[in-house]
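Below is one structure; the comments refer to it alone.
The values are calculated or read from the model by the stated rules, or taken from the named source; none is laboratory data. This structure is a prediction, so every number in the text was calculated from the model and none was measured. Here the Cβ positions follow ideal geometry from the backbone for every residue, glycine too, while neighbour counts run over all protein chains shown. Note: accessible area is taken over every heavy atom of the protein model, side chains too, but ligands, DNA and RNA are not part of it. Shrake-Rupley method; radii C 1.70, N 1.55, O 1.52, S 1.80 Å.
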Amino acid sequence: MAKTSKQENSSASVGANDQSHDSGRRNWRLILTIGTLVAMVLLIYFLRDQIWETIHQIDNVNYYVLLFIIFWQVINYHTYAKLYQGLFDILGTKIRYGSAYKVSLELTFVNHVFPSAGVSGFSYFSLRMKQLGATAAQATLVQTMRFATVFISFQIILLFGILALAVAGKASNLVIFIATVLGTLMVVGTLLVMYIIGDRRRIDTFFTTITIWLNKLIRLIRPKHPETIKTAKVRELFLEFHENYRILKKDYSKLKMPLVYAMLSSATEIATVYTVFIAFGEYVNIGAVIIAYAIANFAGLISVLPGGIGVYEALMTTVLATVGVPLSTSIPVIVMYRVLSMAVQLPIGYFYYQKALNRKDKPLV
């Protein structure tokens, strides 16, 4: 009887813990849902002037040409889905094409509405890919390699842009200097990351040091929590990250197709911008659009504003002005491009984000 009583008590305790755990998950999902809605409202608030400007300009454009934005964006997400599939495949993890496509849409939504300079995207990607059977280290490496392949492949597009400007006689010393600096930063940054993650001791030292300093900063706000970020878990994660990188490093030839898809992802986004120019009846030099797009997106990576609002538009129009595209032409085009591309991407991204958040079989949180 005593043994039975203990078993019943144990079962009751386990049941209570399960209920508490489920309740905690529901609370987190509710908090994330509310936080996401607040972030979306803020995004619309910050975009209010651009939305109003777009409404005013809509009568001046060719609607049929604008429809090509949807076509380019569909292809754009296809390239990212294939890029993710290819990288995970090298690491021995199979990801379905449809799942990779949905995650790409979700990432666009997360990176636009949460002001974190891309950090939210990395965190969300790790959680989301865990639902699909990948480890956190694999997801982190794949997302890192996504940026690396985009940066490396973009050198070809950047060179094409400079040549296009040179042929038109608009490749000034300033433009060549800016493009060279940007290309150098991309290459150096990529090589630096590869240097750090290429050695077990270097990656261990680098990320352990960062974790220690982050904990010191957090301790200023939470003095009773000396180690908010667990150093041992971070070390374990990035040592696994290093082992996965060694798998990629064994045969660089496997990165050929990911590099092709990375280049196509940039090309389709530039095609989206240029389509809006054509819709306005403006056939500007494609090189000018390429240089402006590169600089604006590079700055957007480090901007903490939602979707790089303000920074992106200001940089694109400024760079376009330096190569002879007047502000009266570039401002309405860039504003419309930004608003329409978000209108196409964010609603469907939010839909799949919510579906992932509320999965009962494999909760995101």
- Message: Among (1) of a type in the set (Val, Ile, Thr); (2) under 25 Å from His78 (Cβ atoms); (3) open to solvent by 60 Å² or more (accessible area, probe 1.4 Å), there is one condition Val276 misses while meeting the rest; what is its number?
- Response: (3)
- So, first residue under 19 Å from Leu259 (Cβ atoms) in segment 127-144, second residue assigned to a helix (DSSP H, G or I) and open to solvent by 20 Å² or more (accessible area, probe 1.4 Å), Cβ within less than 6 Å, six or more apart or across chains; the pairs are Gln143/Phe122
- Task: Taking the residues in segment 283-321 that are at pLDDT 85 or above and open to solvent by 10 Å² or more (accessible area, probe 1.4 Å) as candidates, determine which candidate is farthest from Thr184 (Cα to Cα).
- Result: Tyr283
- Task: Please give the number of the condition Thr135 fails out of (1) over 18 Å from Lys355 (Cβ atoms); (2) open to solvent by less than 20 Å² (accessible area, probe 1.4 Å); (3) of a type outside the set (Asp, Glu).
- Result: (2)
- Restricting attention to segment 224-244, report how many residues are buried (at least 19 other Cβ atoms within 10 Å of the Cβ) and of a type outside the set (S, T, N, Q). 3
- Of everything in segment 155-204 that's within 30 Å of Lys233 (Cα to Cα) and of a type in the set (Lys, Arg), which residue is least open to solvent (accessible area, probe 1.4 Å)? Arg202
